[in-house]
Amino acid sequence: MKSIAKILSGIDSILTSILKWLTIVLTLVITLIIAADIFLRYVPLTTLTWKEEIIEICFAFVVFFGAAAVWMAKGHFSVGDFLTKRIKGERAKSAYQLFLELITLAFVVIFFKYSLDLVSRAHEATSVFNIPKKYIYSCMPASSAIMICYSIVFVVRDVIGIANPKALEAIPRA
């Protein structure tokens, strides 16, 4: 059991690192292209006719893979969790958290289904590089698949919290 946890922890570290560096690099690419475009307005050496396509691709990947990274860390902003503090008992708190996790899991499953449908129906291509749009849209089902995996982990943690609140203390929470 400990070896499985160690493997999953390693996968988590690698995936976190990949998503972190992917968003950093793509944000840097967007910044450099925009800076180059501004520079070329004042020093007209060439034109960047391809910039919109690259920025569109980078922005889509930053948004969706960045959202997956934030999802993994449970870092999305929220109104605040004022109810958990008012709930008495660890089992009741875990049950409340389970309810919330099941709602978010349902959202991500729906998002995965419709984004997968979008990818399968996309037949157009970009105008300059002729990149099929389905490759650009593929970041949506890929990121939502990551979110589904982590939501399942969060649901399992909450089920463990209901069954045995003491065991939950040994499991690190994101």
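Residues that are touching a helix residue (DSSP H, G or I) at 6+ places or on another chain (Cβ under 8 Å) and either part of a helix (DSSP H, G or I) or in contact (Cβ under 8 Å) with a residue 12 or more places away in the chain (or both) within the stretch 74-91 comprise K74, L83, T84, E90, R91, listed in sequence order. All of I54, I30, I18, I14 fail the test of being exposed (fewer than 11 other Cβ atoms within 10 Å of the Cβ) and either under 24 Å from S138 (Cα atoms) or without any contact (Cβ under 8 Å) to a residue 60 or more places away in the chain (or both), apart from I14.
Determine, yes or no, whether S94 is touching a Phe, Trp or Tyr at 6+ places or on another chain (Cβ under 9 Å), assigned to a helix (DSSP H, G or I) and of a type in the set (G, A, S). Talk me through it step by step, then tell me what you get.
Working: touching a Phe, Trp or Tyr at 6+ places or on another chain (Cβ under 9 Å): no; assigned to a helix (DSSP H, G or I): yes; of a type in the set (G, A, S): yes.
Judged against the criteria, S94 is not a match.
Restricted to helices (runs of 4 or more DSSP H) entirely inside the stretch 113-174, those with at least 2 residues that are at pLDDT 95 or above are 139-163.
Determine, yes or no, whether L45 is over 23 Å from G161 (Cβ atoms), hydrophobic (A, V, I, L, M, F, W, C), exposed (fewer than 11 other Cβ atoms within 10 Å of the Cβ) and at pLDDT 95 or above. It is false that L45 is over 23 Å from G161 (Cβ atoms), hydrophobic (A, V, I, L, M, F, W, C), exposed (fewer than 11 other Cβ atoms within 10 Å of the Cβ) and at pLDDT 95 or above.
The values are calculated or read from the model by the stated rules, or taken from the named source; none is laboratory data. Keep in mind it's a predicted model, so treat the numbers as computed, not measured. Cβ: placed from backbone, ideal geometry, glycine included. Neighbour counts: every protein chain shown.
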